[in-house]
Amino acid sequence: MTELIYKMLFAALVIAMNFIRLYYQKRYKTTHAVTEAEIAPKREKQMVLLMFFALAVPGMMWLFTGWLSFGQFAAPDGIRIAGFVVGAYSMWWFYRIHRTLGDNWSPILEIRVEHTLIISGTYKRVRHPMYSDMLLWLVSFTLVTANWFYALTLSTGLAIMLIIRIPDEERLMLDRFGEQYRDYMKRTKRLIPYIF
């Protein structure tokens, strides 16, 4: 298969990801209720910028230029196609996570006045399925692009975001839901069911 086909597959994943996110961001703007609590708005903006430079910029460079060709590694077609299949699954899961959250979803760490604790569906076994899904993106995008530099930028950005954001998010949920969230934490893992 030609590199153009992999670029088209990668573009399809990126378009799906952005379509899902844009739909829910638009919905967020129309259903956004009064915020009860919000964590570190300045740091949240920094997280968005971090992921833009870790995910979007190198992804677009790989897609539209040859600037990242130094990072290409040999990967059989079957592995790269498997990466696309993982990516397609992750986009379906990305949609389900947003749908499960409904009006609780927010692009920033905040609790709304009418916020509810979601512990079923995609949240039954892990507390942060959105971040788990991003780890699938890492696997998918690495395999489809077959580019170690993109894998490095994406994994670094994700690691920083998860280290900072997960404790903040759990603190916010504990402040709002108390024992109910503590009980939920005892029954679930953070990112990987039954493991971590």
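Taking other C-beta atoms within 10 Å as the exposure proxy, S120, S69 rank S120, S69 from fewest upward. By the beta-carbon count within 10 Å of each Cβ, the least crowded to most crowded order of K7, K29, fewest first, is K29, K7.
For the options G102, G157, G66, a Gaussian network treatment of the chain with springs between C-alpha atoms closer than 10 Å singles out G66 as fluctuating the most. Based on DSSP H segments of at least four residues, each scored -39500 (n - 2.57), the chain has a per-residue ellipticity at 222 nm of -22500 deg cm²/dmol.
With only Cα atoms counted, the range 21-112 has Rg and Dmax values of 17.4, 51 Å.
Note on D103 and I79: the extension gain reaches 4.9 nm, defined as 0.36 nm multiplied by sequence separation minus the Cα-Cα distance.
Taken over the C-alpha atoms, the range 78-196 has Rg and Dmax values of 15.4, 48 angstrom.
Normalised by the number of residues in the range 67-183, the mean separation of alpha-carbon contacts (under 8 Å, six or more apart) gives a relative contact order of 41 percent. The mean of 1/r over all pairs of different alpha-carbon atoms in the range 3-187, once inverted, gives a Kirkwood hydrodynamic radius of 17.6 Å.
Would you work out the relative contact order for the chain, in percent, from Cα pairs under 8 angstrom that are 6 or more residues apart?
33
Residues within the reach of a label modelled at W92 (point 7 angstrom out along Cα to beta-carbon, backbone nitrogen below 16 Å), restricted to the range 5-26, are 13, 16-17.
Over 29 Å between Cα atoms, which of K42/K186; K26/K124; K29/K124 qualify? From the list (K42/K186; K26/K124; K29/K124), the Cα-Cα distance tops 29 Å for K42/K186.
If you take all other residues with their beta carbon under 11 Å from the beta carbon of F177, and give Lys and Arg +1 and Asp and Glu -1, the sum is -2.
Each reported figure results from applying straightforward, stated rules to the coordinates on display, with no laboratory input. All of these numbers come straight from a predicted model, not from anything done at the bench. FYI the Cβ positions are ideal-geometry reconstructions off the backbone, even for glycines, and counts take in every protein chain you see.
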